[in-house]
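Structure below; questions to follow.
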Amino acid sequence: MSTTNTVITEDIRAKAKELLSSGEVKAFLGFTDGTLPMTTRPFVARRPEDAERLVWNSFCVMNLANYLPELLKGVEPPRGPKDPPPEGPLPKVGVLATGCWSRNIVVQIQENQVQRDRLVILGIGSRGMVDRKKVMAQVGGKEILAVEEGEDSLVVEGRGFKKEIVRGDVLRDNCQVCVHPNPVIYDYQIGQPVPAREIEGRFRQVDEIEAMSSEERWSWFQNEISSCIRCYACRNACPLCYCPTCFVDDSRPQWVGKSVDPVDTSIFHILRAYHCAGRCTDCGSCESACPMGIHMRLFTKKLEKDVLELYGTEAGMDPDVPLPLTTYKSDDPQDFLVTEAGGQASEQGRK
């Protein structure tokens, strides 16, 4: 096992055990081993001894912020639907957070989904996570029965084969262009911060699609979503999807059909992406969860680029900076936002 991951795992277990033993947190949210090679699963430790099951490696890909709102509710004292909230401070929850996960937690705080004073955040600088689909492609889709992770490589084994793979060759696409690997908010630092990154062409995949004609872009989009089976794994894995009723489940009115008709599927992906505009941190959970390998992350990456160019902000970088699409200023670059009494856009609005 990677020395770095071994040290981080030990530090996580020790800190989680300390927090649970002291009663500072009621539960601790991290990862434990999955049932298959190259997988982990979210895990809630509720007793000090549970902390020994926590792990850290290059396959911890799901965004833990997705589980925070419900976990916080779950540790509150039980009460009926009409009972008033309990008096006094509510129990806290511990959670691991890399750069993008911590930014999602910031967004959740800004949108009143979680409370900062109820979180104990263990911050981890991310070296990037491995895409298991890329690993499988390296061995021609053969079944991998065992994997050993080194510092800069993976050794995978199966029936009749054993192969060493360079870790950097199989990093997830979002990790390859991540410029914010360190958490923006945390209470305790686990491991060493990762050096700041300056990546030329961080939006290169979006740039390639933007260079196409409108007909080519639409053809690319239709081809990309053609295999969608409407399982909603992307929505369910997203830490930003916490509407009480999703637009795809609303029946009064019914915004979109549930079939795999190309029109219904297109509307679902377009609306889902726009709901994430100005909020997405490019964590890649949607793509990791998709069983069909759809590159839906590029939809939200395009909107991330637009928000950065139009408003000069990135989601979750500063808890004190409002989300760009929830606040309005007179110098926003849309004429329709600022009008004068005569109905004409103001000079400031035209700028």
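Under 21 Å between alpha carbons, and skipping anything fewer than 8 positions from K301 in its own chain: which lysines qualify?
K133, K134
Which FRET efficiency, nearest 0.05, do E157 and S330 yield, Cβ-Cβ r, R0 56 Å?
0.35
Using a simple charge model, +1 on the beta-carbon of Lys and Arg, -1 on the beta-carbon of Asp and Glu, nothing else, what dipole does the chain show about its Cα centre, in debye to the nearest 20?
The calculation lands at about 960 debye.
List the aspartates and glutamates whose Cα sits under 20 Å from the Cα of K26, skipping any in the same chain fewer than 8 residues away.
D11, E18, E49, D50, E52, E70, E76, E87, D117, D187
If I take all pairs of Cα atoms in the chain, what percentage of them are more than 37 Å from each other?
Every Cα pair in the chain considered, those over 37 Å come to 24 percent.
Obtain the nm distance between the two label points defined at M292 and F221 by a simple spin-label model: each point lies 7 Å from its Cα along the Cα-to-C-beta direction.
With each label point 7 Å from Cα toward Cβ, the separation is 1.6 nm.
Beta carbons within 10 angstrom, averaged per residue: use that to sort the peptides 201-214, 69-82, highest first.
Sorting 201-214, 69-82 by mean packing, highest first, produces 201-214, 69-82.
Let me ask something additional. Straight distance only, please: which lysines reach the Cα of K82 with their own Cα at less than 17 Å, same-chain residues fewer than 8 apart left out?
Counting by Cα, and skipping residues close in sequence, K82 has these lysines nearby: K73.
Rounded to the nearest 5, what is the percent of antiparallel bridges among the DSSP beta bridges in the chain?
Percent antiparallel among DSSP bridges in the chain is about 60.
For D11, D320, which order do you get if you count the other beta carbons within 10 Å of each Cβ and list the fewest first?
The most exposed by this proxy come first: D320, D11.
Restricting attention to the chain, give the cysteines that have no other cysteine Cβ less than 4.7 angstrom from their Cβ.
C60, C175, C178, C228, C231, C243, C246, C290
First select every other residue whose beta carbon is under 13 angstrom from the beta carbon of C241; then total the charges, Lys and Arg +1, Asp and Glu -1.
0
V75 to E210: FRET efficiency via 1/(1 + (r/R0)^6), r the Cβ-Cβ distance, R0 51 Å, to the nearest 0.05?
The formula returns an efficiency of 0.65 here.
Would you mind calculating the gained length between S266 and S251 on full extension (0.36 nm times residue separation, minus the Cα-Cα distance), in nm to one decimal?
Once the chain is fully extended between S266 and S251, it gains 3.6 nm.
If you don't mind, there's one more thing I want to ask. Calculate how large, on average over all directions, the projected area of the Cα convex hull of region 208-339 is; give the answer in nm² to one decimal.
Here the figure is 9.9 nm², rounded to one decimal.
Order the peptides 307-313, 41-47 from the highest to the lowest mean number of other Cβ atoms within 10 Å of their residues.
The packing order, highest mean first, is 41-47, 307-313.
Where a number appears in this text, it was derived from the coordinates with a stated rule and is not lab data. Given the structure is predicted, the values throughout are model-derived calculations rather than measurements. Neighbour counts are summed over all protein chains in view; Cβ atoms, including those assigned to glycine, are modelled from backbone coordinates with ideal geometry.
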